[in-house]
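All remarks here apply to the structure that follows.
The values are calculated or read from the model by the stated rules, or taken from the named source; none is laboratory data. Being a predicted model, the structure only gives us computed values, none of them experimental. Cβ atoms come from the backbone with ideal geometry, glycine included; neighbour counts cover every protein chain shown.
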Amino acid sequence: MPQGKLKVKTKLPAKTKPKKKAKGPAVSKRGNRPVAPKKQKHQETQKLKKIITKAVNEAMEDDLRARALEGKKSLVSKKSTSGKAKGSQKKT
């Protein structure tokens, strides 16, 4: 149950007219310049992030491998990711 009196809504006098804002043309800061596609930027940044992550992970693996094998003989050889292993073989 409501407590107290109901609020009375006020009305504007009949003499006043509602004011309408005149909207102008939309302002474009860009002008007539072409918009570069965003997908290329995102692809480039993702490629860069992937390369950085790969390099950091490889360095961390090398460090961990060195710590684990301090003074011990390595039984597992690391796979070479560079093309040095292919080019060093002699053809006869």
Here are some conditions: (1) part of a loop (DSSP other than H, G, I, E, B); (2) surrounded by 10 or more Cβ atoms within 10 Å (Cβ to Cβ); (3) not hydroxyl-bearing (Ser, Thr, Tyr). Glu44 meets all but one. Which one does it not meet? (1)
Residue match in the range 48-70 (condition: out of contact with any Lys or Arg (no Cβ under 7 Å at 6 or more places or on another chain), in a helix (DSSP H, G or I), at pLDDT below 70 and of a type in the set (Gly, Ala, Ser)): no
